[in-house]
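Participant: I'd like to ask you about the structure that follows.
The values are calculated or read from the model by the stated rules, or taken from the named source; none is laboratory data. This one's a predicted model, so the numbers in the text were calculated from it and none came from an experiment. No Cβ is skipped: glycine too gets one built from the backbone with ideal geometry, and neighbour counts run over all protein chains shown. To get the accessible areas, we keep the full protein, side chains included, count just its heavy atoms, and leave off ligands, DNA and RNA. Shrake-Rupley method; radii C 1.70, N 1.55, O 1.52, S 1.80 Å.
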Amino acid sequence: MGQLVYFQLLARPTLEAFGGVDKDPSYWHEPGLSTDPLILNMSLIPGIVVHLVRSLNRGGRMTPLGAHVLPIRRGQPPEFMQDLVARIVSDESLMVEDYDIVLPGWPYDDAYCFGWPYP
(Lines give C-alpha, C1' and ligand atoms only; values in the text may rest on other atoms or scores of the structure.)
Protein backbone atom coordinates (compact mmCIF):
# COMPACT_ATOMS: atom_id res chain seq x y z
CA MET A 1 0.00 0.00 0.00
CA GLY A 2 1.07 3.57 -0.59
CA GLN A 3 2.53 2.86 -4.03
CA LEU A 4 2.13 5.48 -6.72
CA VAL A 5 0.58 3.99 -9.84
CA TYR A 6 -0.99 4.90 -13.14
CA PHE A 7 -4.33 3.23 -13.65
CA GLN A 8 -6.95 3.15 -16.37
CA LEU A 9 -10.67 2.80 -15.84
CA LEU A 10 -12.41 0.14 -17.88
CA ALA A 11 -15.12 2.12 -19.63
CA ARG A 12 -17.90 -0.43 -19.90
CA PRO A 13 -17.82 -1.84 -16.33
CA THR A 14 -17.29 1.66 -14.90
CA LEU A 15 -20.22 3.23 -16.71
CA GLU A 16 -22.60 0.27 -16.70
CA ALA A 17 -21.60 -1.19 -13.29
CA PHE A 18 -20.79 -4.80 -12.50
CA GLY A 19 -23.34 -7.60 -12.55
CA GLY A 20 -27.08 -7.71 -12.59
CA VAL A 21 -27.75 -5.11 -15.28
CA ASP A 22 -28.70 -7.74 -17.85
CA LYS A 23 -31.39 -9.08 -15.47
CA ASP A 24 -32.93 -5.64 -14.90
CA PRO A 25 -35.93 -5.20 -17.26
CA SER A 26 -35.24 -1.45 -17.51
CA TYR A 27 -31.62 -2.01 -18.60
CA TRP A 28 -30.75 -0.78 -22.07
CA HIS A 29 -27.32 -1.61 -23.46
CA GLU A 30 -25.52 1.42 -24.91
CA PRO A 31 -24.07 0.22 -28.24
CA GLY A 32 -21.38 2.92 -28.04
CA LEU A 33 -19.78 1.04 -25.14
CA SER A 34 -18.16 -1.58 -27.28
CA THR A 35 -15.94 -4.25 -25.73
CA ASP A 36 -13.25 -3.12 -28.17
CA PRO A 37 -10.86 -1.04 -25.99
CA LEU A 38 -9.95 1.16 -28.96
CA ILE A 39 -13.53 2.43 -29.28
CA LEU A 40 -13.73 4.15 -25.87
CA ASN A 41 -10.23 4.56 -24.54
CA MET A 42 -9.89 6.08 -21.07
CA SER A 43 -6.72 8.02 -20.23
CA LEU A 44 -4.16 6.95 -17.62
CA ILE A 45 -4.68 8.55 -14.20
CA PRO A 46 -2.08 8.84 -11.39
CA GLY A 47 -3.18 7.35 -8.08
CA ILE A 48 -2.20 5.94 -4.68
CA VAL A 49 -2.87 2.33 -3.71
CA VAL A 50 -4.74 2.34 -0.39
CA HIS A 51 -5.88 -1.29 -0.12
CA LEU A 52 -5.00 -4.61 -1.75
CA VAL A 53 -7.67 -7.25 -2.30
CA ARG A 54 -6.34 -10.80 -1.94
CA SER A 55 -7.69 -14.31 -1.75
CA LEU A 56 -6.35 -17.72 -0.74
CA ASN A 57 -5.73 -19.97 -3.71
CA ARG A 58 -5.85 -23.78 -3.67
CA GLY A 59 -2.21 -24.00 -2.61
CA GLY A 60 -2.87 -21.89 0.49
CA ARG A 61 -1.02 -18.86 -0.88
CA MET A 62 -2.42 -15.34 -1.04
CA THR A 63 -3.26 -14.30 -4.60
CA PRO A 64 -3.71 -10.62 -5.51
CA LEU A 65 -7.14 -9.95 -7.04
CA GLY A 66 -7.12 -6.18 -7.28
CA ALA A 67 -6.49 -2.90 -5.54
CA HIS A 68 -8.40 0.12 -4.31
CA VAL A 69 -6.74 3.21 -5.78
CA LEU A 70 -7.45 6.86 -5.01
CA PRO A 71 -6.91 9.16 -8.01
CA ILE A 72 -4.52 12.07 -7.51
CA ARG A 73 -5.64 15.51 -8.64
CA ARG A 74 -3.86 18.86 -8.78
CA GLY A 75 -5.25 22.31 -8.14
CA GLN A 76 -7.94 23.45 -5.76
CA PRO A 77 -10.60 20.86 -4.83
CA PRO A 78 -14.25 21.89 -5.04
CA GLU A 79 -15.40 23.76 -1.93
CA PHE A 80 -18.21 21.31 -1.14
CA MET A 81 -15.75 18.38 -1.02
CA GLN A 82 -13.14 19.91 1.31
CA ASP A 83 -13.94 17.42 4.10
CA LEU A 84 -13.06 14.46 1.83
CA VAL A 85 -9.65 15.73 0.72
CA ALA A 86 -6.27 14.37 1.79
CA ARG A 87 -3.39 16.62 0.75
CA ILE A 88 -0.24 15.03 -0.63
CA VAL A 89 2.88 16.69 0.80
CA SER A 90 6.63 16.09 0.66
CA ASP A 91 7.36 16.64 4.36
CA GLU A 92 5.53 15.98 7.65
CA SER A 93 5.91 19.65 8.62
CA LEU A 94 3.55 20.54 5.72
CA MET A 95 0.72 18.32 6.98
CA VAL A 96 -2.50 20.15 7.84
CA GLU A 97 -4.58 17.12 8.86
CA ASP A 98 -3.59 13.75 10.38
CA TYR A 99 -4.79 11.95 7.26
CA ASP A 100 -2.63 13.96 4.82
CA ILE A 101 -0.28 11.73 2.84
CA VAL A 102 3.49 12.25 3.12
CA LEU A 103 5.55 11.22 0.09
CA PRO A 104 9.20 12.26 0.49
CA GLY A 105 10.43 14.08 -2.60
CA TRP A 106 6.89 14.76 -3.88
CA PRO A 107 7.32 17.69 -6.33
CA TYR A 108 3.84 19.29 -6.24
CA ASP A 109 2.39 21.45 -3.49
CA ASP A 110 -1.16 21.52 -4.92
CA ALA A 111 -1.89 17.77 -5.11
CA TYR A 112 -4.71 16.02 -3.28
CA CYS A 113 -6.87 12.94 -3.44
CA PHE A 114 -10.41 12.23 -2.34
CA GLY A 115 -10.91 9.53 0.24
CA TRP A 116 -13.78 7.92 2.04
CA PRO A 117 -13.94 5.20 4.65
CA TYR A 118 -14.86 1.71 3.55
CA PRO A 119 -17.68 0.16 5.58
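Participant: Does the stretch 39-62 hold any residues that are closer than 18 Å to LEU4 by Cβ and not aliphatic (A, V, I, L, M), and which are they? Spell out how you get there, then give the answer.
Facilitator: Of all residues in the stretch 39-62, those closer than 18 Å to LEU4 by Cβ come to 43-52.
Once the filter is applied, which keeps residues that are closer than 18 Å to LEU4 by Cβ and not aliphatic (A, V, I, L, M), the stretch 39-62 yields SER43, PRO46, GLY47, HIS51.
Participant: If I go through the stretch 47-62 residue by residue, how many of them are open to solvent by less than 50 Å² (accessible area, probe 1.4 Å) and without any contact (Cβ under 8 Å) to a residue 12 or more places away in the chain?
Facilitator: Residues in the stretch 47-62 being open to solvent by less than 50 Å² (accessible area, probe 1.4 Å) and without any contact (Cβ under 8 Å) to a residue 12 or more places away in the chain: 1 in total.
Participant: All but one of (1) open to solvent by 70 Å² or more (accessible area, probe 1.4 Å); (2) in contact (Cβ under 8 Å) with a residue 12 or more places away in the chain; (3) assigned to a loop (DSSP other than H, G, I, E, B) hold for TRP106; which doesn't?
Facilitator: (1)
Participant: Then there's this: State all residues of the stretch 109-119 that are modelled with pLDDT of 85 or more, out of contact with any Pro (no Cβ under 7 Å at 6 or more places or on another chain) and not in a loop (DSSP other than H, G, I, E, B); if no residue qualifies, say none. Let's see the steps before the verdict.
Facilitator: First pass over the stretch 109-119, keeping only residues modelled with pLDDT of 85 or more: 110-113.
Filter once more, keeping what is out of contact with any Pro (no Cβ under 7 Å at 6 or more places or on another chain): 110-111.
Listed by number, the list holds a single entry, ALA111.
Participant: Taking the stretch 63-97 as the search range and keeping residues that are open to solvent by 80 Å² or more (accessible area, probe 1.4 Å) and among the polar types (S, T, N, Q), which one is farthest from VAL5 (Cα to Cα)?
Facilitator: Ranking the candidates gives SER93 first.
Participant: If we keep just the residues of the stretch 18-46 that are modelled with pLDDT under 65 and not in a loop (DSSP other than H, G, I, E, B), which is most open to solvent (accessible area, probe 1.4 Å)?
Facilitator: Result: ASP22.
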